[in-house]
There are 2 protein chains.
Amino acid sequence: MKVDVGKKILSANEEYAVRNSRLLAEHKIFCLNMISSPGSGKTTILTRTINKSKDKLRIGVIEGDIQTDLDAEKIRATDAPVVQINTEGGCHLLAVQVSGALANLPVGDLDLIFIENVGNLVCPSAFELGEAGKIVVLSVAEGDDKPAKYPAIFAKSKVLLINKIDLLEVSGQVDFDIERAKADARKLNKGIEIFPVSAKTGEGFADWCDWLIESIKNARGK
Amino acid sequence: MKVDVGKKILSANEEYAVRNSRLLAEHKIFCLNMISSPGSGKTTILTRTINKSKDKLRIGVIEGDIQTDLDAEKIRATDAPVVQINTEGGCHLLAVQVSGALANLPVGDLDLIFIENVGNLVCPSAFELGEAGKIVVLSVAEGDDKPAKYPAIFAKSKVLLINKIDLLEVSGQVDFDIERAKADARKLNKGIEIFPVSAKTGEGFADWCDWLIESIKNARGK
């Protein structure tokens, strides 16, 4: 019986995910589901990405948080359209919640939607939201062993953003072997794109934003 | 029906939690359930705590991880007894898993058992394991807004360890208002003990280890 109930919940989520994916395709919107531990810098990555790409991309954001709209406020300051979802304790976003959020975004006017999932490196990886791909963010302060210890999300993501690389420049401050993290991620996922970035200083954002523009072009070419 | 199934699972976990709690009480063992995001420094805190308290406390460790026994290996290097639980994808430890681990620890020879939960600031807070209390660890690299954004675990913990405070000394490197984090945690939990520490340099460990010894004395006095 446990199995049946689990199956039913998963299919309900999948149904909404398919519905979201169709709506996004109709409007030619590229959608990325951003997943990481709490405090890896997802929101700061988004505000810098939006500000850097303002002339080239029309970006909207769906913010998933357990409580507060602190992150949505930061996105609002960039003038990008944003919808906040509060899960009230829920450890991941569901496709039905994203469906509601999409209804409140100006989908006719957007090229790209980022979904910032709840800060959790485990559960969100199991729930499709209708996205074109997942982005996993790993801060160097979290340690280079995270791809080995939390493999699911690294195996499923299109892109790994290794954030806070500015901390590596302060000698001895943070022990993080960037080559080990890259190698472990590629062992799980041969095709994963990896961009080392600093959302604080902007380092690495040229390559990451070029990848976004290129991916949107390729998706539309299909 | 969803509610019934949920209830049943919770009670099975609670049953094992009560059983663990009784076993620990019989052996006069103080047990702490350590919870945090991935990469906040739980294992390094444990190795330093064990090494610093070697002459005063006999400490055992139960390591919870999704995959690998990398953390257990680090504990083993201190000579403390350790049992690794691999959850194989599970986002939190269950009391039944801890029960199995306790059967493999020398409970007659221990004063204190640390359970290092899976790195996840959300789900583990909802599952009692039979512990005397929860410890939440927050690294300054994760940001001072985490108590407000992930309130459940801060509301339930006996102790908040604010780790990696060495990063605050590098001016401008990490933005973290320690007074804001403390105030937000105390808003949720008036009695929470807060220790700012650096598992890397050892700063703050004298107070934290004194608290452990005092708490064990108090628990035995009851």
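Descriptive notes on the structure:
- Checked against the criterion of being within 14 Å of another protein chain (Cβ to nearest Cβ), in contact with a Ser or Thr (Cβ under 7 Å, 6 or more places away or on another chain), part of a loop (DSSP other than H, G, I, E, B) and aliphatic (A, V, I, L, M), segment A:119-126 contains one or more residues that satisfy it.
- Test for A:LYS42: is it more than 19 Å from B:ALA152 (Cβ to Cβ), modelled with pLDDT of 95 or more, of a type outside the set (A, V, I, L, M) and surrounded by fewer than 16 Cβ atoms within 10 Å (Cβ to Cβ): no
- Restricting segment B:127-140 to residues that are in contact (Cβ under 8 Å) with a residue 60 or more places away in the chain and under 20 Å from B:VAL197 (Cα atoms) leaves a set whose member that is nearest to the other protein chains (Cβ to nearest Cβ) is B:SER139.
- Considering residues of segment B:93-118 that are assigned to a loop (DSSP other than H, G, I, E, B) and buried (at least 17 other Cβ atoms within 10 Å of the Cβ) only, the residue nearest to the other protein chains (Cβ to nearest Cβ): B:VAL118
- Only one of B:ARG180, B:ARG186 that is within 28 Å of A:VAL140 (Cβ to Cβ) and surrounded by fewer than 19 Cβ atoms within 10 Å (Cβ to Cβ): B:ARG180
- Residue list for segment A:141-180, filter: among the small types (Gly, Ala, Ser), facing chain B (nearest Cβ under 10 Å) and more than 17 Å from the chain's Cα centre (by Cα): A:ALA141, A:GLY143, A:ALA148, A:GLY172
- Qualifying residue in segment A:162-171 (condition: of a type in the set (D, E, K, R), farther than 27 Å from A:GLU26 by Cα and buried (at least 22 other Cβ atoms within 10 Å of the Cβ)): yes
- Residue in segment A:185-197 that is over 18 Å from A:GLY39 (Cβ atoms), among the charged types (D, E, K, R) and within 14 Å of chain B (Cβ to nearest Cβ) present: yes
- Test for B:ILE59: is it under 21 Å from B:LYS200 (Cα atoms), surrounded by 20 or more Cβ atoms within 10 Å (Cβ to Cβ) and within 14 Å of chain A (Cβ to nearest Cβ): no
- Residue satisfying condition, being modelled with pLDDT under 95 and of a type in the set (Asp, Glu), within set A:GLU203, A:GLU169, A:GLU214, A:GLU142: A:GLU169
- Some residue of segment A:31-48 being over 16 Å from the mean Cα position of the chain (by Cα) and within 16 Å of A:LEU110 (Cα to Cα): no
- Residues considered: A:THR47, A:THR68. Of these, the only one that is within 13 Å of another protein chain (Cβ to nearest Cβ) and either out of contact with any strand residue (DSSP E or B) (no Cβ under 6 Å at 6 or more places or on another chain) or more than 30 Å from A:ALA141 (Cβ to Cβ) (or both) is A:THR68.
- Every test in (1) in a helix (DSSP H, G or I); (2) more than 23 Å from B:ALA219 (Cα to Cα) is passed by B:GLY90 save one, and that test is (1).
- Residues in segment A:140-159 that are aliphatic (A, V, I, L, M) and farther than 22 Å from B:LYS164 by Cα: A:ALA148, A:ALA152, A:ILE153, A:ALA155, A:VAL159.
- Subset of segment B:58-82 (residues that are out of contact with any helix residue (DSSP H, G or I) (no Cβ under 7 Å at 6 or more places or on another chain), of a type in the set (A, V, I, L, M, F, W, C) and free of Cβ contacts under 8 Å to residues at least 24 places away in the same chain): B:ALA72
The values are calculated or read from the model by the stated rules, or taken from the named source; none is laboratory data. Since this is a predicted model, take the numbers as computed values, not measurements. Every residue, glycine as well, gets a Cβ built from its backbone with ideal geometry; the counts of neighbours run over all protein chains shown.
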